Amino acid sequence: EVQLLESGGGLVKPGGSLRLSCAASGFIFGTSNMIWVRQAPGKGLEWVASISRGSDYVHYADSVRGRFTISRDNSYMSLSLYMTYLRAEDTALYYCARDLVPDYWGQGALVTVSS
Amino acid sequence: DIQMTQSPSAMSASVGDRVTITCRASQGISNFLAWFQQKPGTVPQRLIYGASNLDNGVPSRFSGSGSGTDFTLTISSLQPEDFATYYCLQHHTFPYTFGQGTKLEIK
């Protein structure tokens, strides 16, 4: 069974940093592209970032480019999102998902940016 | 970036109705479009990929069509469990982009 489990969410002040992690199981992680999608409270889905199987290709939404970094460790079947210079508008539930057109999603990690 | 515009943003319908949701891309995306369903408090579920390919386990009352800039998601006969919010996603050009969502409510 495919499972994706996010961790690392929490409350952070504007300008601060936070690292999200996603632990994968139930599939061959190293053969799957992975993405992060976020959803602000009561709002729609926003594609955030993607990373290819071997980390060769990474892409970011304009809203986070230069502030967020996506990475992965295939040995540990883990996906990460390092977020810096956080803003109030980054407040959202962050989902880790498998594949560029995601077929499996985690339950999400809540990030709240507030002073 | 490619902008995805869904219409309507919200709608109400009755069980048994035929419903169509549209998604328009700001530039051509061939058939690189997917549809997702999200019920309150739950994780999004992929319904359709490649504009018209139904995911395993998705009821056949769901169908997708379109190519280029205009796409539709059709539910042939609404069931109670179909009341949810639907999103399109273009996966033609990075950064990928979602539509703003269509909330389907019970009339």
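For the protein assembly as shown, how many pairs of lysine residues have a Cα-Cα distance under 18 Å, where the two are 8 or more positions apart or belong to different chains?
Here the count comes out as 4.
With springs only between Cα atoms under 10 Å, which of B:69, B:93, B:42 fluctuates most in a Gaussian network model of chain B?
Checking each option, the largest mean-square fluctuation is seen for B:42.
Report the relative contact order of chain B, percent, no decimals, based on alpha-carbon pairs under 8 angstrom and at least 6 residues apart.
RCO, chain B: 39 percent.
Please get the size of the charge dipole for chain B, origin at its Cα centre, with Cβ charges of +1 on Lys and Arg and -1 on Asp and Glu, quoted in debye to the nearest 20.
80 debye
Kindly state, to the nearest 0.05, the FRET efficiency for residue A:19 paired with residue B:11, given R0 = 30 Å and r defined as their beta-carbon distance.
Numbers: r = 40 Å, r/R0 = 1.33.
E(calc), rounded to 0.05, equals 0.15.
Convex hull over the alpha-carbon atoms of the protein assembly as shown: what's its volume per residue in Å³?
Looking at the protein assembly as shown, the number lands at 115 Å³ per residue.
Give the residue list of chymotrypsin sites (Phe, Trp or Tyr not before Pro) in segment A:42-88 that are DSSP loop and have at most 16 other beta-carbon atoms within 10 angstrom. Walk me through the numbers on the way to the answer.
Details: sites: A:47, A:57, A:60, A:68, A:76, A:82, A:85; in loops: A:57, A:76, A:85.
For chymotrypsin sites (Phe, Trp or Tyr not before Pro) across segment A:42-88 that sit outside H, G, I, E and B with at most 16 neighbouring Cβ atoms in 10 Å, the list reads A:57, A:76, A:85.
If you wrap a convex hull around the Cα atoms of segment B:49-107, how much volume per residue is inside, in Å³?
For segment B:49-107, the hull spanned by Cα atoms encloses 100 Å³ per residue.
Find how many whole Å separate the alpha carbon centroid of segment A:73-115 from the alpha carbon centroid of segment A:28-42.
Between the Cα centres of segment A:28-42 and segment A:73-115 lies a distance of 7 Å.
What does the average come to when, for each residue of peptide B:27-34, you count the partner chain Cβ atoms lying within 10 Å of its Cβ? Working shown, then result.
Numbers: counts 0, 0, 0, 0, 0, 2, 1, 4.
Partner-chain Cβ atoms within 10 Å, mean over residues of B:27-34: 1.
Tell me, what is the percent relative contact order of segment B:17-69, built from C-alpha pairs under 8 Å that lie six or more residues apart? Each step should come with its number before you reach the end.
Numbers: 72 pairs, mean separation 19.1, N = 53.
Result for segment B:17-69 is 36 percent.
Computed from the coordinates by the stated procedures, all read-outs in this text should not be read as laboratory data. All of these numbers come straight from a predicted model, not from anything done at the bench. Neighbour counts run over all protein chains shown; Cβ positions are idealised from the backbone, glycine included.
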